[in-house]
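Student: Starting off with a structure, shown below.
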């Protein structure tokens, strides 16, 4: 049989049934954890985008330094000492732009080489004729660390790729696009990491056409 108070209207029930004391506390206990989680998640997200912006800025400064500094990759087409035979057999002065064949253009040698401290220099081809210069990487890294101090040499990859411009006989460096990449760098969320145990990547890449690739000019 139902309790007597349950059969009575609200105004005739006892004081215990009519009391609202503690209702707000219960509601707060339910809502507060969610609110705190949202606040901390937003804080983590803000910190991540700030770090991501710093990574992009560091890559921008790095590529601006790389296009006017001695190339990290040392080999034919990039360093004068190893480029004597780079244009062998091609008519001097011919345009390198393949689409300009009707203007005397020729298909000039091409390459793409990516360098980093961990693995030296690597090319898409099976063999790669480029060496890696740690000394030439140092000033680029220094410029980038000014805005991203925790950046390490192993977080850098620098790519030099011919862009089809220039002419046969152009002294090294041949026209290349230079790309500076930040890799294997992550942001560890302070709060969200406790929930999801996941890091967020801070990878960034910026490309500019190379200039003289000679430090001090």
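Student: Evaluate the Debye formula for the stretch 24-209 with equal point scatterers sitting on the alpha carbons, no solvent, and hand back log10 of I(q)/I(0) at q = 0.13 Å⁻¹, in q order, two decimals.
Tutor: Each listed q maps to, in turn, -0.75.
Student: Separate question: If you take the Cα atoms of the stretch 42-102, find Rg, then find the Kirkwood Rh from the mean of 1/r over all pairs, what is Rg/Rh?
Tutor: Over the Cα atoms of the stretch 42-102, Rg/Rh equals 1.30.
Student: Based on the alpha carbons, how large is the Rg to Rh ratio for the stretch 140-190 when Rh follows Kirkwood?
Tutor: In the stretch 140-190, Rg relative to Rh is 1.18.
Student: Next question, about the same structure. Mind pulling the per residue volume of the convex hull built on the Cα atoms of the stretch 112-217? Å³ is fine.
Tutor: Measuring per residue, one finds 138 Å³ for the Cα hull of the stretch 112-217.
Values in this text are rule-based calculations from the coordinates and carry no lab data. All values reported here derive from a predicted model rather than from experimental measurement.
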